[in-house]
Amino acid sequence: MAKETISATHLTNIEELKNELDWKEFKIDTPDGNALSSDDFTLIAVGNPNRQKERWDMEVLDDRYNTLQDLVYALVIEGKLLKIGKSITTMKKRIQSYHCGKQSYREKANATNSATNWFVLQSVLSINKPVMVYALYDIPRTESTFRGWNFHNRISKEIESKIIEAYLKKYKTKPIGNKQN
């Protein structure tokens, strides 16, 4: 069943992912003539749905989950690509942000939680299958100086945008978790 927007509803069962791309088939062309594929990503954690606490219990498989900032990631359920995203913080902090997608937060009159966080958290909890968290770790890390101030240039957002653009060009759609307003 196609969803018009992820801000109004969330996935309720695994069947709703059947038309999504098989993660192992993910492969897009890059301007340097190479390809970016699922093989370039590292499985760093598994989120096990915990409906009682309305969160994922994380099984960390790679210590960089806790330490490395500025990365692009993919969320995969039962081999199907749910979302491609980016985090300027660590993956641990990004997952904590997804945990702000609680239903009770969304129902408040002055709710400020993100539609994406709500969609992803509630979808995973409803599907009730582990979510595999893959990270693309070879994001360039650069620093700049402006009038004596030092800056860490975070380019994961631009890389995520280019990946989604190439994905859309090749597959004629975005992953379902990337269809927010």
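The values are calculated or read from the model by the stated rules, or taken from the named source; none is laboratory data. Quick caveat: nothing in here was measured; it's all calculated off a predicted structure. FYI the Cβ positions are ideal-geometry reconstructions off the backbone, even for glycines, and counts take in every protein chain you see. Just so you know, the surface numbers come from the protein's heavy atoms only, side chains and all, with ligands and any DNA or RNA stripped out. Shrake-Rupley method; radii C 1.70, N 1.55, O 1.52, S 1.80 Å.
Just a few scattered comments:
- Taken over the stretch 18-46, the criterion of being in contact with an Asp or Glu (Cβ under 7 Å, 6 or more places away or on another chain) and either within 24 Å of Q122 (Cβ to Cβ) or of a type in the set (D, E) (or both) is satisfied by I44, A45, V46.
- The residues listed here are G101, G148; of these, the one that is open to solvent by less than 20 Å² (accessible area, probe 1.4 Å), more than 13 Å from the chain's Cα centre (by Cα) and modelled with pLDDT under 90 is G101.
- First in the stretch 120-133 and over 15 Å from Y98 (Cα atoms), second anywhere and polar (S, T, N, Q) and surrounded by fewer than 20 Cβ atoms within 10 Å (Cβ to Cβ), Cβ under 7 Å, 6 or more apart: I127/N13
- Residue list for the stretch 41-68, filter: at pLDDT 95 or above, buried (at least 20 other Cβ atoms within 10 Å of the Cβ) and over 11 Å from P130 (Cβ atoms): F41, I44, Y65
- Breaking point among (1) among the aliphatic types (A, V, I, L, M); (2) more than 19 Å from M132 (Cβ to Cβ); (3) open to solvent by less than 20 Å² (accessible area, probe 1.4 Å), for A35: (3)
- Scanning the stretch 104-121 for residues that are open to solvent by 40 Å² or more (accessible area, probe 1.4 Å) and modelled with pLDDT of 85 or more returns no hits.
- Matching residues in the stretch 29-66 - criterion: being among the β-branched types (V, I, T) and more than 17 Å from the chain's Cα centre (by Cα): T30
- The stretch 136-181, residues that are in contact (Cβ under 8 Å) with a residue 24 or more places away in the chain, under 13 Å from I28 (Cα atoms) and assigned to a loop (DSSP other than H, G, I, E, B): none
- Checking each residue in the stretch 84-98 for being open to solvent by 10 Å² or more (accessible area, probe 1.4 Å) and touching a Gly at 6+ places or on another chain (Cβ under 9 Å) picks out only R94.
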